[in-house]
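Engineer: The structure under discussion is supplied below as structure tokens; questions concerning it will follow.
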Amino acid sequence: APDGSLWARLRGIALVRYHTGVFQNILRDVGPPESVVSAMIRGRDDSMLLATLARGAIAYRSGHFAAVATTKVMPSSSFVISIAEASDGNIWLGTRDAGLVRVQGERVSRHTERLPDLKINCLLPGNAGEVWIGTDRGVGRWDGTEITSSGVPTALQQTTALNMIRDR
């Protein structure tokens, strides 16, 4: 995390933070209902972004939690398994079988058109709001306006992508 702490998602309802020699179950600070964390990343603004089953997506900034997207605006048939924050500040949530959810401040939209698959295994932010989308049936790309295969190497358009990382 930005403060040098280590965060670890454990089995069940446990998210621990190791900082200055102390382990802390950080979810207790959120308050009820405690929830399983299904995905997490370090955000662009020195935050930690978490997707949970019972509370939706939340952000941890400066020692406080804030809602990003509640469960009311998320697809009820699926849960989040990947998360990314794009360079434009939009937060993308990849679900197990309901496509993508984009959070733009207070506005939440769902995207399923032109996805190689509705199961979003991983997300990787690019430049200018671009997001790479890894699925069981290939890699797609949000180009800032739509999901496309343009710019995606042919070899990746039909292969399973479980994780992606940007090289320097």
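Engineer: Applying the selection to region 112-130, what residues are of a type outside the set (Ser, Thr, Tyr) and either part of a loop (DSSP other than H, G, I, E, B) or in contact with a Pro (Cβ under 6 Å, 6 or more places away or on another chain) (or both)? Before the answer, list the steps.
Structural biologist: Let us first name the residues in region 112-130 that are of a type outside the set (Ser, Thr, Tyr), namely 113-130.
Within region 112-130, 113, 114, 115, 116, 117, 118, 119, 126, 127, 128, 129, 130 meet the criteria.
One line per residue, one yes/no per condition, for (1) among the aliphatic types (A, V, I, L, M); (2) assigned to a loop (DSSP other than H, G, I, E, B); (3) surrounded by 22 or more Cβ atoms within 10 Å (Cβ to Cβ):
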| residue | (1), (2), (3) |
| --- | --- |
| 72 | no, no, no |
| 78 | no, yes, no |
| 81 | yes, no, no |
| 84 | yes, no, yes |
| 110 | no, no, no |
| 141 | no, no, no |
| 155 | yes, no, no |
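Engineer: Can you spot a residue in region 104-116 that is under 19 Å from residue 41 (Cβ atoms), basic (Lys, Arg) and modelled with pLDDT of 95 or more?
Structural biologist: Within region 104-116, not a single residue is under 19 Å from residue 41 (Cβ atoms), basic (Lys, Arg) and modelled with pLDDT of 95 or more.
Engineer: For region 86-107, which positions are out of contact with any Phe, Trp or Tyr (no Cβ under 8 Å at 6 or more places or on another chain), closer than 20 Å to residue 1 by Cα and surrounded by 20 or more Cβ atoms within 10 Å (Cβ to Cβ)?
Structural biologist: Keep residues of region 86-107 that are out of contact with any Phe, Trp or Tyr (no Cβ under 8 Å at 6 or more places or on another chain), which gives 87-91, 93-94, 97-99, 104-107.
With closer than 20 Å to residue 1 by Cα added as a condition, the list becomes 87, 89-91, 93.
Residues satisfying the conditions are 91, 93.
Engineer: List the number of the failed condition for residue 133; all other conditions in (1) open to solvent by 10 Å² or more (accessible area, probe 1.4 Å); (2) in contact with a Lys or Arg (Cβ under 7 Å, 6 or more places away or on another chain); (3) assigned to a strand (DSSP E or B) hold.
Structural biologist: All conditions are met except number (1).
Engineer: When the residues of region 61-70 are narrowed to those that are in a strand (DSSP E or B) and open to solvent by 70 Å² or more (accessible area, probe 1.4 Å), which ends up nearest to residue 48 (Cα to Cα)?
Structural biologist: Among those that are in a strand (DSSP E or B) and open to solvent by 70 Å² or more (accessible area, probe 1.4 Å), it is 61.
Engineer: Can you tell me which condition residue 40 does not meet? The list is (1) out of contact with any strand residue (DSSP E or B) (no Cβ under 8 Å at 6 or more places or on another chain); (2) in contact (Cβ under 8 Å) with a residue 40 or more places away in the chain; (3) among the hydrophobic types (A, V, I, L, M, F, W, C), and all the others hold.
Structural biologist: Residue 40 satisfies every listed condition except (1).
The values are calculated or read from the model by the stated rules, or taken from the named source; none is laboratory data. No experiment lies behind these values; they were computed from the predicted model shown. In this analysis, Cβ positions are derived from the backbone assuming ideal geometry, glycine residues included, and neighbour counts consider all displayed protein chains. What goes into the accessible areas is simple: the full protein's heavy atoms, side chains included, and nothing from ligands, DNA or RNA. Shrake-Rupley method; radii C 1.70, N 1.55, O 1.52, S 1.80 Å.
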